[in-house]
Each structure stands twice: as C-alpha cells, then as structure tokens.
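Right, one structure below, let's go through it.
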Amino acid sequence: MPNYKNEEVHQQVKQWLEDVVIGLNLCPFAAKPNRNKQIQIFISEASNEEVLLEEIYQQLQKLDNTPVEELETTLVVTPNLFRDFADYNQYLDLLDALLFQMGYQGTYQVASFHPDYYFHGTEPNDAENLTNRSPYPVFHLIREASMEKVLKHYPDPEGIPERNIERVENLSPQEVRKLFPFIK
C-alpha cells in the first residue's frame, strides 16, 4: 500500500469539501460549520479494519466530550483502507452495529463517501453517483441533534437528493474533471 502524507490527504479532502460539498451546495448545512472551523478532518493511518473501528469509536467519544460550538462534525478519512467500494460498503454495517452496541443510535449517524461510490440500482458511471464521490473513503460522523435542528428550518429537506442529482447531472465534462480529478 502506498504511504500517504497526512497533509496532502487533508488538503485534498478539504478542497473536495469546499469545492464539491459546499461549492455545489450538495449539503446546504456544511458551509456554516466549515466557516466556523467546526468540522474536523481526521486522517486515519489504520491499515486494518479493527484499528479503524477503534479510531472511529474514539472520534465518537471526542464528539461526545466536545461542545458542538467547538466541534460540529468529523470526517474520518481512510486513505489506506477500502480501495474496493464493496468492502467499504460492507464496513458500513459494522459501523451501524458499533453505533447500536455503544448506545449511539439516535445520537450519531454515518454518511458515506468513496471515490467509486455508486447507489444501488445505478451504473458506476451514472452522474448521480458524483454526489457521494470523494477523493478517499470517508465516514462522516454526524450529530443527529444538529441535523434535526437545521432540518426544522430548511424548506423541503426531502428534495435535497433530487436537487443534488440535478446539479451534478448538469455539470459539463470539464467541470466534472476539475471537481473530481480522483475519478478514474
């Protein structure tokens, strides 16, 4: 496995967050915590799934022990694991079990992003998959209370996925290459 430099990985994820997630408004709730420096990008150096599970648990505890005003959310980036999307997708079941086992259901949820992300029922090259494509496998740890709070004041949150699909489908090939240089 190649050895990634944390700074380089951090910069690529930050660029993706700012240009794609916020820039395309795929998550209308990300701009404010990003502006307020409340988003942590945690680069995992784990090379096996057990170590990563422990690190994710530690990041959940950190969220528990840090006021939301200081830390809203965490992106756990895994440059050394899950090159294969199917393996990544299966690991999400393990994270759901961790949330359940540790009593975090209803407190945290995990959003998923991967360089080869594709939704069930789509073809890998379908434009709508771009909404969850990232430069590295990412597990986004989200505070459910924060989501509930912002969703109360957001018109038509159910329409977000459709608007996101429409937005990425309308990108020109040049825009796709610029925003998603990590796609094969």
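For the reader, a short list of remarks on this structure follows.
- Selection among L60, V21, S44 by position relative to the dipole of segment 2-66 gives V21 as farthest towards the positive end (Cβ unit charges, Cα centre).
- The chain - share of DSSP beta bridges that are antiparallel (%, nearest 5): 65
- Longest segment of the chain lacking GluC sites (Glu not before Pro) that sit in a DSSP loop with at most 15 other Cβ atoms within 10 Å: 71-184
- Taking every DSSP helix (H) stretch of at least 4 residues in the chain, weighting each as -39,500 (n - 2.57) and dividing the sum by the residue count yields a mean residue ellipticity at 222 nm of -12500 deg cm²/dmol.
- Size of electric dipole in the chain: Cβ of Lys, Arg +1 and of Asp, Glu -1, about Cα centre, debye, nearest 20: 640
- Segment 1-92: proportion of alpha-carbon pairs further apart than 16 angstrom, %: 61
- Across the chain, the convex hull enclosing all Cα atoms gives 124 Å³ per residue.
- Amide H contacts under 5 Å for F113, placed H, 5+ residues apart: V138, H140
- Amide H within-cut-off set for Y108, under 5 Å, with H built and near neighbours excluded: E144
- Residue-wise HN-Hα coupling along segment 113-118, computed from phi with Karplus coefficients 6.51, -1.76, 1.60 (Hz; x: Gly, Pro): 9, 7, x, 10, 4, 8
- Quarter the surface of the alpha carbon convex hull of segment 80-134 and you get the mean projected area, 4.5 square nanometres.
Just so you know, all these numbers are worked out from the coordinates, no wet-lab data involved. Owing to the predicted nature of the structure, the values given are computational and were not obtained by experimental measurement. Here Cβ is always computed from backbone atoms with ideal geometry, including for glycine, and neighbour counts include all displayed protein chains.
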